[in-house]
Amino acid sequence: MSTKPKLYYFNGRGKMESIRWLLAAAGVEFEEEFLETRDQYEKLLQGGSLLFQQVPMVEIDGMRMVQTRAILSYIAAKYNLYGKDLKERALIDMYVGGTDDLMGFILMFPFLSAEDKEKQHVLIVQKATSRYFPVYEKVLKDHGQDFLVGNNFSWADVHLLEAILMVEEKKSDVLSGFPQLQAFKARISSIPAIKKFLEPGSQRKPVPDDKYVETVRRVLRMYYDVKAN
Amino acid sequence: MFKYSSVTQFSCLFQFEEVYLETKEQYEKLIKDGFLLFQQVPLVEIDGMKMVQTRAIMSYIAGKYNLYGKDLKERALIDMYVEGLSDLMQMILMFPFSPPDAKEKNLESIKERATNRYFPVFEKVLKQHGQDFLVGNKFSWADVQLMEAILAVEEKVPDVLSGFPQLQVFKSKMSNMPTLKKFLQPGSPRKPPPDAHYVETVLKIFKK
């Protein structure tokens, strides 16, 4: 295993994207192996690399880590993006739980039927503007600090920026009622490591397209219809 | 979606109170009074915080009560195991809310996943290190979660552990740990399998 973390996933966002964001925010270089064929996946399975037969999988510090949340927690803690104590960690976990739920609605989007996509689009915007964004808007307004937790850059900030950008891809003016979040977005985007990740040529993946959906379906043999929430 | 909380498992550590949601009005008041960060339960008031998000709550409790391993790597293992089991528990959680014509199929899925994906992993972990507990030779959140998952699946598939001797021993050992033993006795805060009344209550409270 090389010393750089190595990511095993499809060449697309999915559940691995939050991990790419966090590694980038931490300034950690990483390698990627993209799953393109069923054979590759079966080889990983047979080799015993996938604890629960699933990706994402990240080779890091001698471990073959699976389960997105476990991987993210490990990276956050290792690179000091997890608050200074248990209570700050609790806040970060709560905030990340929220943005994770929001991004979950977007994650399944490419796999929905055209009709369900329309409904889901409405749902995403509604949840973002009535359930999730108001929370973070208020947190930032109440303490007036640059970052969500403990006046320090953390996993919660990275995850929120990712969520904001993803929702904006669905509705570009979605932040119009949220001045704090607009300022937050500008601030976090200008952090050097994040700025770099947002530039073309970085390892950030584009909005999922038909080719991505086809690859996932083919590799995982996931040909059934995904139901919307 | 109302989420059954594994939080009650931690009664093995300390006493706690419970407020049961029985009406929509109660739920709406909690939201109006600003208790529910994302308008959802579970909510746990602990150490001056109003904590939501099941995983956040459990991580906090595990961290506070030394059930989270001794270092980052043990925590990583515990997190991986707990997250995997949580995927299995999610299937069980959703089961009472699935339509009658889907229940047989869902039950089959639960059985299939438990026996082919999840239980073999923990069987192997225990066999390989030969220790009593999943991680670091010490009782942790992962053991509690595995115990809960085993019992939950057994309620649906009574002989599910028949191919898993290590898990049978594990189940027996955990059942005999004083705090878990107490939790498994009648009269504890442990909740019974969800029934029609429970489903009805949840749907009523969250109905738009």
Discussion item. I'd like the full set of residues that are of a type in the set (A, V, I, L, M) and facing chain B (nearest Cβ under 8 Å), limited to segment A:72-90.
Written reply: A:Ala77, A:Leu86, A:Ala90
Item to complete: Would you mind stating whether B:Asp101 is open to solvent by 10 Å² or more (accessible area, probe 1.4 Å), under 19 Å from A:Ala76 (Cα atoms) and either free of Cβ contacts under 8 Å to residues at least 12 places away in the same chain or in contact with a Ser or Thr (Cβ under 8 Å, 6 or more places away or on another chain) (or both)?
Response: no
Practice prompt. From (1) surrounded by fewer than 19 Cβ atoms within 10 Å (Cβ to Cβ); (2) within 10 Å of chain B (Cβ to nearest Cβ); (3) under 16 Å from A:Tyr9 (Cα atoms), pick out the condition that doesn't hold for A:Ser130.
Written response: (3)
Item to complete: Would you point out which residue out of B:Ile78, B:Ile92 is under 21 Å from A:Leu86 (Cα atoms) and of a type outside the set (Lys, Arg)?
Response: B:Ile78
Practice prompt. For segment B:113-129, indicate whether the set of residues that are closer than 26 Å to B:Gln185 by Cα and surrounded by fewer than 17 Cβ atoms within 10 Å (Cβ to Cβ) is non-empty.
Written response: no
Discussion item. Anything in segment B:48-60 that is more than 7 Å from chain A (Cβ to nearest Cβ) and out of contact with any Pro (no Cβ under 7 Å at 6 or more places or on another chain)? List them, or say none.
Written reply: B:Gly48, B:Lys50, B:Met58
Discussion item. Can you list the strands (runs of 3 or more DSSP E) lying wholly within segment A:1-117 that have 3 or more residues being farther than 20 Å from A:Ala163 by Cα and open to solvent by 30 Å² or more (accessible area, probe 1.4 Å)?
Written reply: A:31-34
Worksheet item: Being open to solvent by less than 10 Å² (accessible area, probe 1.4 Å) and over 18 Å from B:Leu77 (Cβ atoms), is that true of even one residue in segment B:135-155?
Response: yes
Worksheet item: Of the residues that sit in segment A:176-229 and are of a type in the set (Ser, Thr, Tyr) and over 18 Å from the mean Cα position of the chain (by Cα), which one is modelled with the lowest pLDDT?
Response: A:Tyr224
Worksheet item: Only one residue in B:Gly63, B:Gly84, B:Gly69 is under 19 Å from the mean Cα position of the chain (by Cα), among the small types (Gly, Ala, Ser) and more than 11 Å from every other protein chain (Cβ to nearest Cβ). Which one?
Response: B:Gly69
Discussion item. Of the conditions (1) without any contact (Cβ under 8 Å) to a residue 40 or more places away in the chain; (2) in a helix (DSSP H, G or I), A:Asn151 satisfies every one except a single condition; which number is it?
Written reply: (2)
Worksheet item: Can we say B:Gln166 is modelled with pLDDT of 95 or more and either over 22 Å from B:Leu93 (Cβ atoms) or not in a helix (DSSP H, G or I) (or both)?
Response: yes
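The values are calculated or read from the model by the stated rules, or taken from the named source; none is laboratory data. Since this is a predicted model, take the numbers as computed values, not measurements. Cβ sites come from the backbone with ideal geometry, for glycine too, and all protein chains shown count toward neighbours. Side chains are part of the model used for accessible areas, which takes the heavy atoms of the whole protein and leaves out ligands, DNA and RNA. Shrake-Rupley method; radii C 1.70, N 1.55, O 1.52, S 1.80 Å.
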